[in-house]
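> Please find one structure pasted underneath; my questions will follow.
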């Protein structure tokens with residue numbers, strides 16, 4: 001088996017007296033999709049924020065194997081290195097598209113931003129790449145100059161994905177990317193994500209409260225409650241034969257719904 | 001034949017002369033004296049001193065006269081004058097606990113040491129225009145209450161509550177010199193002392209509106225007026241060559257201490273926190289609004305969610321100064337020919353391109369149609 | 001040229017020497033880091049913010065008794081704000097003033113760079129309203145400082161990309177962003193982009209003062225100043241399709257003058273000194289007197 005791409009150890013975050021994340025640890029391998037599930041308030045979004053370095057951890061570490069193969073503690077990276085990593089080798093697809101997109105900038109500009117950020121200065125090439133990526137996430141070419149404010153919820157999420165993947169990242173974080181969408185729109189979006197993940201061999205950490213999403217996309221699953229990991233394992237195993245009583249309840253409620 | 005417009009100098013001179021004439025108004029009406037403004041427009045004078053960051057009632061009154069009563073213009077005159085004054089140093093911190101109070105009210109305790117002192121306030125007047133004032137009148141003297149047994153001892157509510165640990169203590173004396181935003185550029189994030197300076201100098205209308213917005217849900221702070229006091233405090237200064245404080249005189253101040261609910265955090269038990277307001281002279285509205293905004297700007301420090309305008313220090317500090325605001329808004333009336341010319345040229349070109357792109361082939365030429 | 005007596009009761013050039021030293025330190029730092037915005041403790045000046053307080057403070061700090069000062073606004077020496085600032089220094093510093101670009105040692109400007117090429121030893125002081133070239137893309141100071149520190153300038157290219165996507169070409173006509181000495185992206189103040197090429201490799205020292213925003217920045221003499229663009233959409237200046245109607249100059253920036261309400265227009269030099277100089281040399285345009 002290959003060396004892990006990401007190694008999370010003992011991540012802990014307190015908000016006042018409340019432990020939002022309590023000693024969470026796991027390893028993620030290249031091309032692996034990990035789903036983090038749990039109810040709202042279970043700490044799963046905090047975990048994502050901690051991994052991305054957007055929330056300062058009280059304890060624990062996140063180690064990432066850089067493109068040169070050397071594992072680095074992300075807390076030890078300087079701001080320049082960290083930001084460069086975030087906009088090239090990582091992606092972050094947000095639940096709220098308005099946080100992940102520039103709503104006043106055209107779809108083409110949204111996709112092109114990362115390219116310009118790493119020094120691309122040829123308009124024609126930027127535009128061609130943007131059009132290519134819009135096609136890959138099934139956004140029509142004639143929408144390239146429209147701002148996301150004129151897009152539906154599902155299209156906005158597709159645009160976020162294109163914007164994130166344009167630099168060929170190896171790791172993508174996704175925070176509830178399908179919540180709030182119609183069921184049919186969700187299904188199409190999940191299909192797109194699944195296709196791209198497989199085609200590009202992406203490693204993904206996807207946070208979701210929806211076990212169906214986890215089952216469809218992920219290889220492994222991590223169940224959180226009250227800031228702690230209470231169960232982890234292969235997705236099918238955990239969903240078909242949950243061990244922890246809480247997981248059993250979660251699974252049962254999904255079946256009941 | 002075209003001759004470029006000239007004569008800017010003469011036009012400016014004449015405009016200034018006209019301004020002086022209009023300022024004086026009808027010469028049949030007696031001219032206002034600076035002393036009249038100082039004595040009879042005292043709240044206006046106080047506001048100009050507060051926002052002008054300079055305690056000098058005569059200068060503020062003169063500025064108001066020169067500015068035809070325009071507050072922002074008067075603040076401008078005071079500030080520009082202040083720039084040229086030598087800076088000797090900072091006074092000792094004033095002790096508002098030892099204030100000789102003319103007014104002191106608390107909304108949190110019915111009675112307290114030193115008592116509630118109503119003092120000169122509009123609060124319970126009915127806002128009926130008093131036509132008797134048209135003629136001028138000599139007011140009846142107000143009766144003074146018999147001094148109570150605790151007269152002269154008027155501890156601050158915050159000191160009373162602080163003893164029981166119910167209220168966050170005053171931040172400890174850091175020893176470091178307090179920042180001065182008239183002498184150093186603001187560096188974000190700005191510390192509380194600098195924020196308070198900015199709010200004290202800030203436009204009353206803007207600070208009032210921001211304070212109001214926190215009450216309407218844009219960054220709620222659950223405030224109580226712990227205390228408002230207005231009176232005079234002694235001002236002391238330590239000259240380097242002497243090494244001990246010497247009294248400089250007395251300054252009238254209004255102080256507002258807001259008490260705000262706080263649920264506590266992992267480290268700190270639940271207690272009340274404070275918002276603080278302090279202005280020259282009598283300026284309760286400003287002091288209260290300042291205290292509200294001061295507390296809301298502490299949201300991040302206290303681990304509260306930050307989202308509302310009044311919680312955003314870059315937004316508040318960058319926009320609260322009336323001189324900066326008025327200067328930049330009004331600079332739009334300066335000539336912008338050059339930029340406008342550039343835009344004009346661009347719009348013409350874009351329109352020409354638009355027309356060319358939308359001209360249907362085969363459409364008859366305009367000349368032919370006419 | 002005139003040299004009236006300085007105003008009583010004020011220091012030479014209005015500001016006290018301590019303040020001028022503070023501003024000169026900021027200027028030196030700005031020269032040492034071309035294009036970097038140096039925070040400085042801008043003072044309250046007797047003219048409104050937005051009307052040149054930054055430029056006035058920089059001029060006050062660099063002005064010496066033997067300097068010859070020229071002040072222009074929109075290229076012209078006789079616009080009211082230029083007159084007002086020139087008078088201010090006439091009164092508070094008593095220095096000689098001029099309208100001739102060639103005679104001036106310090107030129108304070110709003111919105112233009114003189115047409116006459118500047119020379120070594122001259123200082124051009126720009127009045128700057130908004131010094132931050134990223135401000136309208138990112139309103140937060142803490143964030144824009146971070147972006148400058150890390151030379152993350154993707155965002156400003158997004159703006160140019162949007163222009164091309166919408167209009168077919170870059171539609172920024174003034175305050176056109178430049179990269180200074182290969183490092184910092186800088187706002188050249190609201191000069192038309194027509195003037196941008198004059199900033200590049202200029203023999204004069206260029207100083208920028210923003211009073212309200214409390215920033216000073218600089219382009220030292222002979223520094224590379226490159227206007228941002230794309231390889232396939234290179235920077236271009238606007239062209240006027242006619243010469244100045246008064247002096248016949250071509251390749252200069254023109255003001256459009258409305259002659260009547262029936263569409264009558266004429267185009268004349270925005271740089272009044274340049275125009276007068278040419279006419280004194282005998283050049284005439286088609287509508288010259």
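Since every read-out is calculated from the coordinates, none of them should be taken as a lab result. As the structure is a prediction and not an experimental result, all values here were calculated from the model. Reconstructed Cβ throughout: ideal geometry from the backbone, glycine too, with neighbour counts over all protein chains shown.
> Projected area of the stretch C:239-289, taken from the Cα convex hull and averaged over every viewing direction, in nm²?
Result: a mean projected hull area of 3.5 nm².
> Turning to a different aspect of this structure: Please pull out the direction-averaged projected area of the stretch B:206-335, using the convex hull of its alpha-carbon atoms, in nm² to one decimal place. Write down the numbers at each step before the final one.
Numbers: hull surface 49.7 nm².
Mean orientational projected area (the stretch B:206-335, Cα hull): 12.4 nm².
> Kirkwood Rh, Cα Rg: Rg to Rh for chain B?
Result: Rg/Rh = 1.10.
> Fewest to most neighbouring Cβ within 10 Å: what's the order for A:152, C:66?
Lowest to highest Cβ neighbour count: C:66, A:152.
> Take every Cα-Cα pair in the stretch C:22-157 and report what % of them are more than 27 Å apart.
When all Cα pairs of the stretch C:22-157 are counted, 26 percent exceed 27 Å.
> Over the stretch B:125-281, what portion of Cα pair distances is larger than 28 Å, expressed as a whole percent?
Within the stretch B:125-281, distances greater than 28 Å cover 43 percent of Cα pairs.
> At 222 nm, what value in deg cm²/dmol follows for chain A if DSSP H runs of at least 4 each add -39500 (n - 2.57) and the sum is divided by all its residues, to the nearest 500?
-12000 deg cm²/dmol
> Express the relative contact order of the stretch C:1-100 as a whole percentage, based on alpha carbon pairs under 8 Å and six or more residues apart in sequence. Working shown, then result.
Numbers: 120 pairs, mean separation 43.4, N = 100.
Result for the stretch C:1-100 is 43 percent.
> Next question. Relative to the longest principal axis of the C-alpha atoms of chain B, give the angle of the C-alpha long axis of helix B:42-52, reported between 0 and 90° and rounded to the nearest 10°.
With both axes taken from Cα atoms, the answer is about 70 degrees.
> Taking each residue of C:13-23 in turn, how many C-beta atoms of other protein chains fall within 10 Å of its C-beta, and what is the average?
The mean count of partner-chain Cβ atoms within 10 Å per residue comes to 2.
> Take chain B, connect every pair of alpha-carbon atoms lying under 10 Å apart with a spring to form a Gaussian network, then pick out the residue of B:184, B:314, B:355 with the largest mean-square fluctuation.
B:355
> To continue, here is another question. Using only alpha carbon positions, build the gyration tensor of the stretch B:1-160, then give the equivalent ellipsoid semi-axes as the square roots of 5 times its eigenvalues, largest first, whole angstrom.
Numbers: eigenvalues 380, 115, 36 Å².
After scaling each eigenvalue by five and taking roots: 44, 24, 13 Å.
> Let me ask another. On a 0 to 90° scale, report how tilted helix B:71-83 is relative to the longest principal axis of chain B, with both axes built from alpha carbons and the result rounded to the nearest 10.
Once rounded, one gets 80 degrees.
> Hey, what number do you get for chain B at 222 nm if only DSSP H runs of n ≥ 4 count, each worth -39500 (n - 2.57), divided across all residues, to the nearest 500?
For chain B, the value works out to -11500 deg cm²/dmol.
> When averaged across all projection directions, what area in nm² does the alpha-carbon convex hull of chain A cover?
14.3 nm²
> Can you pull the Rg over Rh of the stretch B:9-82, Cα-only, Kirkwood?
1.02
> Now a separate question. Give the relative contact order (percent, whole number) for the stretch A:59-116; include only Cα pairs under 8 Å separated by 6+ residues.
18 percent
> Shifting gears a bit: Mind jotting down the distance between the C-alpha centroids of the stretch A:113-158 and the stretch C:240-289, whole Å?
Taking the Cα centre of the stretch A:113-158 as reference, the centre of the stretch C:240-289 is 46 Å away.
> Right, next: Which percent of the Cα-Cα distances in the stretch C:44-108 go past 16 Å?
The answer is 38 percent, as a whole percent.
> Sort out for me the Cα centre separation of the stretch A:219-249 from the stretch C:93-120, rounded to whole Å.
The distance from the Cα centre of the stretch A:219-249 to that of the stretch C:93-120 comes to 75 Å.
> Residue by residue through A:99-109, how many Cβ atoms from other chains fall within 10 Å of the Cβ on average?
Averaged over the peptide's residues, the number is 3.
> State whether chain C is rounded, prolate or oblate according to the following rule on the C-alpha gyration tensor (a ≥ b ≥ c being the square roots of its eigenvalues): a/c under 1.5 gives rounded; otherwise a/b larger than b/c gives prolate, and the remaining case gives oblate.
Because a/c hits 1.5 or more and a/b fails to exceed b/c, chain C counts as oblate.
> Regarding the protein assembly as shown, what are the three Cα extents along the principal axes, ordered largest first, in Å?
So the three principal-axis extents are 97, 96, 62 Å.
> Another one. Counting other beta carbons within 10 Å of each Cβ, put A:46, B:50 in order, fewest first.
A:46, B:50
> A follow-up question, please. How would you rank C:103, B:345, going from fewest to most other Cβ atoms within 10 Å of each one's own Cβ?
With the fewest neighbours first, C:103, B:345 line up as C:103, B:345.
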